[in-house]
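Engineer: A single structure is presented below for examination.
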Amino acid sequence: MGNTAMPREIRLSTTPTPEALAELRLGDIVYLDGLMYTAREGVYKRALEEKANIPMELPSESAANFHCSPAARINADGSFDLGAVTATASFRFAKWLPEWLEKSGAKLVIGKGGMSSKDYKSYFVPNGAIYLSTVGYGTGALLGRGVENVEAVHWNDELGLAQAMWVIRCNRMGPFIVASDNEGNCLFERENAKIAENLHRVYEGTRPATLKRYGETDDRSDEVIG
Amino acid sequence: MISIDLIEKTAGVLMDKAAIEIPQDYLDGLEGAAEVEDGDLSSFVLQAMLENYKAAKEDRRAMCGDTGCPRWYVKMGNDARIEGGPVALEAALRRATADATNGVPLRPNRVHPLWRTDHNNNVGIGAPEIEYGFEPGGEWIDLITVHKGGLFGTDYRMLFPSDGIEGIKRFYLDSLVAFGKRGLACQPAIIGIGLGGSKDTCMVLGKRAACLRTVGDRNPDPKIAELEDEFKELGNSIGMGAMGFVGKSMVIDCNIEVGYCHTGGMQMSVHAFCLSSRRAVARIHSDGRVEYRTDPEWFTPYQRRETVEWETPQCHEKSA
Ligand code: SF4
C-alpha cells in the first residue's frame, strides 16, 4: 500500500463531552462505546410529525443517532439476533434533522455519505453535533461485531423491522470516519474539491451528448445531492 | 427430472453463500486495488473492507447490512425437466428467499413502492426477480442468485451514432463521478455497460454485464475487449477512490455487453456492482449432483448469437 500515513484512531463515548468532540479532526477514525439508537424516516415522522413520545431518555441514555436498519431477526422468545449493520444515505433525512437534533440532543449523527457543509453549519454546529460516516460503506460484518447487545427494539409493530428504533450497546464499534468538525467543515466536500481539480483532464477526449437532458449541469464541482 | 426439494435446498444454500462469501475474483481484484492505492483515507477503507469479508466468513454473518435486492437468474439446459414445472420452481425460489431472510439473517429490504408494505421476507410483487436463459443440450439447471446493492450507481441514456465513443466515454465518466462522490455507489465496483438493445434490454444487458461476468473476463469481440481495458483505466484515473476520497480505485473491472439496436440510436446504460458484489451459482444435474461455483458463465456463445438459426459450435467448425 505505498507509503500512506495511517489516520488517527480514537475511542469515543456515545454520550460524548463537548471537549471530546472538539478534539475530533476530519478523517479521524472513531470507535464507539455505549448506547446507540437507529432512527431514520419512520422514527422521525413518528416522533416529529405525529408527536409520539420517544420511548427512551434522550440524550442522557444515548446521543448517537445511527441512520441504519440492521440485518436482524426477532426470535419467537422475544430475543434478537443481529448479523450485519450498514448505514443508509443520510442526505435524505435533512428535512427532519434540524428539529431532531434540537429535540433529541443527539451529538453524533452516524450514517452514509454525510451532509453538506451548509447543513453542518446551519444546524449541526449550533447543536454541538458532528457527523460520523461508516466506512466502505459495506463494512456490515465488522460493525456487527461491535454490537455487544440489542437492548430494545421500539416501534417495531408500528414501523416494521427496517424502520424501527433499535437500541444497540456498542463495544468498540467501528470503524467510523469523522466527516464534519465543530466548525462545520465537510470531509467529503474537501475531497471532492481536490478531485475536481483533475477532472477536466480526465474528460479530455469526451463530448457532451447530442441530446441534452433538461436542467442538466456541466458544473463538475456540483455536489449533486444539495 | 430434477427434484423440486433439491432445487429449494440448493437455493437456500446459495442465498447464504451470496450474502456471506465474497466471490474470489472480486476479492482478488480488490486486493490488487488495495496494493496500488496510495490515498490515505481510501487505503484505510479498502483495508477495512478486506477485514470485513474475513469477519463475515468467520462469523457466518452477512458482509453488508444492506441486503440489496436478491434476485434469481435461472438457466436451463434444453433437456432439463423440473419436477412440478416452472410454477413449482418459482415457488421454491420465493420460499428460499423468504427463509434465508430470517435464517442468515438478512435485512428485509423489499417494500411496496407506494404503501411501503413490508412482508419482512424480501418477497412481494415482482420480488425476487426471476429471469431465464436457455442453453442447447444438457439436463441441468443453473441457479444464480445476485444480491445487487443499491439505489446508486446505475443510469441510462439515449445516445446516437453521432455521439460516438467520445459520447460513450462522457456518459461513463458522468455516471462514475456523480455516484462516486461521497461513495454513494460503494466503489470500487464492477462496472457493467450495456450498449444498444432497447431502453429496457439495454438496462438488462448492462446489469448482467456487471453481475453475471467475473473480474478479468473479456468480451469475445477483441475491439470491445480493448474498450473494456481502456474504460477500466479511465475510471481509475479520475482521481477518486473508495467512499469518494482522493484515490485511484474506482473500477475493479469494466464489462461491456452489446445488443442490436434501432438504426438511429445507441442506447447506453451503466451499472455499478458494489463492494458487496454478491453472487453465488449452483448447477443441479438430473442425477442429483450439485456443483457450486461463483462464475455465472451466463454469456455463452449461444446467449450472444447473431444468426437466425443456432448451429452447435462443432457444425460451425465443419462448415468454416
Ligand atoms: S451498495 Fe453494496 S456495499 Fe453499499 S450498502 Fe448497498 S449492498 Fe452494501
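Engineer: For a Förster distance of 22 Å, can you work out the FRET efficiency between the beta-carbons of B:E83 and B:E291, rounded to the nearest 0.05? Write out the running numbers ahead of the final one.
Structural biologist: On the way: r = 19 Å, r/R0 = 0.88.
Using R0 = 22 Å, I get an efficiency of 0.70.
Engineer: I need to check one value: relative contact order of the range B:151-273, counting alpha carbon pairs closer than 8 Å and at least 6 residues apart, in percent. Could the numbers behind the result be given before it?
Structural biologist: Numbers: 267 pairs, mean separation 54.3, N = 123.
Reported as a whole number, the value is 44 percent.
Engineer: Rounded, prolate or oblate for the range A:9-185? Axes are the square roots of the Cα gyration tensor eigenvalues, ordered a ≥ b ≥ c, and the cut-off for rounded is a/c under 1.5. Spell out each step's value before the answer.
Structural biologist: On the way: a/c = 1.68, a/b = 1.24, b/c = 1.36.
Taking the square roots of the gyration eigenvalues as a ≥ b ≥ c, the range A:9-185 is oblate.
Engineer: In the range B:151-273, what % of DSSP beta bridges are antiparallel (nearest 5)?
Structural biologist: Numbers: 12 of 20 bridges.
Bridges in the range B:151-273 that DSSP calls antiparallel: roughly 60 percent.
Engineer: Of the residues A:I110, A:I29, A:I54, which exhibits the maximal mean-square fluctuation in a Gaussian network model of chain A defined by a 10 Å Cα contact cut-off?
Structural biologist: Taking springs between Cα atoms under 10 Å, the residue moving most is A:I54.
Engineer: May I pose another question? Pairs to check: B:K17/B:K54; A:K95/A:K121; B:K75/B:K232. Give those whose C-alpha atoms are more than 21 Å from each other in this structure.
Structural biologist: Details: B:K17/B:K54 14 Å; A:K95/A:K121 15 Å; B:K75/B:K232 29 Å.
Cα-Cα > 21 Å for B:K75/B:K232; rest within.
Engineer: Can you list residues from other chains, or at least 5 along the same chain, whose modelled amide H is less than 5 Å from the amide H of B:N255?
Structural biologist: Hits under the 5 Å cutoff: B:I191, B:G192, B:I193.
Engineer: Then there's this: Under a point-charge model restricted to the Cβ atoms of Lys and Arg (+1) and Asp and Glu (-1), what is the dipole moment magnitude of the protein assembly as shown relative to its Cα centre, in debye to the nearest 20? Mind dumping the intermediate values first?
Structural biologist: Values: 61 positive and 77 negative charges, 164 e Å.
Magnitude of the dipole: close to 780 debye.
Engineer: Shifting gears a bit: Which Cα, out of B:V251, B:G183, B:Y132, lies furthest along the positive dipole direction of chain B (beta carbon charges, K/R +1, D/E -1)?
Structural biologist: B:G183
Engineer: Hey, got the dipole for chain B? About the Cα centre, +1 on K and R Cβ, -1 on D and E Cβ, debye to the nearest 20?
Structural biologist: Details: 36 positive and 47 negative charges, 199 e Å.
Result for chain B is approximately 960 debye, rounded to the nearest 20.
Engineer: With a sphere of radius 14 Å drawn around the Cβ of B:C261, what net charge do the other residues whose Cβ falls strictly inside it have (Lys, Arg +1; Asp, Glu -1)? Kindly include the intermediate steps, with their values, before the conclusion.
Structural biologist: On the way: positive: B:R157, B:K199; negative: B:D163, B:D200, B:E257, B:E306.
My count for the surroundings of B:C261 gives -2.
Engineer: I need the per residue convex hull volume for chain B, using only the alpha carbons, in cubic angstrom as a whole number. If you can, show how the numbers build up before the last one.
Structural biologist: On the way: hull volume 46.9 nm³, N = 320.
In chain B, the Cα hull volume divided by residue count equals 147 Å³.
Engineer: Nearest 20 debye, what's the magnitude of the dipole of the range B:164-260 about its Cα centre given +1 on Lys and Arg Cβ and -1 on Asp and Glu Cβ?
Structural biologist: Working: 12 positive and 12 negative charges, 75 e Å.
It works out to roughly 360 debye.
Engineer: So what is the 222 nm mean residue ellipticity for chain A from helices alone, if each DSSP H run of at least 4 adds -39500 (n - 2.57) and you divide by all residues, rounding to the nearest 500 deg cm²/dmol? If you can, show how the numbers build up before the last one.
Structural biologist: Values: 6 runs with 44 residues, N = 226.
That calculation yields -5000 deg cm²/dmol at 222 nm.
Engineer: Can I ask one more? Taking the range A:159-226, which GluC sites (Glu not before Pro) meet the DSSP loop condition and have no more than 16 other C-beta atoms within 10 Å?
Structural biologist: Here the sparse-neighbourhood loop sites are A:E183, A:E204, A:E216, A:E223.
Engineer: Moving to a separate point now. Give me a single rounded figure for A:74-80: the average over its residues of other chain Cβ atoms within 10 Å of their Cβ. Could the numbers behind the result be given before it?
Structural biologist: On the way: counts 3, 1, 0, 0, 0, 0, 1.
The shielding value for this peptide is 1.
Engineer: With each run of n ≥ 4 DSSP H residues scored as -39500 (n - 2.57), what mean residue ellipticity at 222 nm is computed for chain B after dividing by its residue count and rounding to the nearest 500 deg cm²/dmol?
Structural biologist: Numbers: 8 runs with 121 residues, N = 320.
Mean residue ellipticity at 222 nm (helix-derived): -12500 deg cm²/dmol.
Engineer: With each pseudo-label sitting 7 Å past Cα toward Cβ, what's the B:Q303-A:K194 distance in nm, one decimal?
Structural biologist: Placing both labels 7 Å along Cα→Cβ, they lie 3.9 nm apart.
Engineer: Principal axes first, then extents: for the Cα atoms of the protein assembly as shown, list largest minus smallest coordinate on each axis, whole Å, largest first.
Structural biologist: That works out to 80, 59, 44 Å along the principal axes.
Engineer: Let me ask something additional. Can you put B:H271, B:H262 in order of Cβ neighbours within 10 angstrom, beginning with the fewest?
Structural biologist: Working: B:H271 27, B:H262 11.
Lowest count first: B:H262, B:H271.
Read the figures in this text as sums done on the coordinates, not as results from a lab. Note that this is a predicted model, so its numbers are computed, not measured. Reconstructed Cβ throughout: ideal geometry from the backbone, glycine too, with neighbour counts over all protein chains shown.
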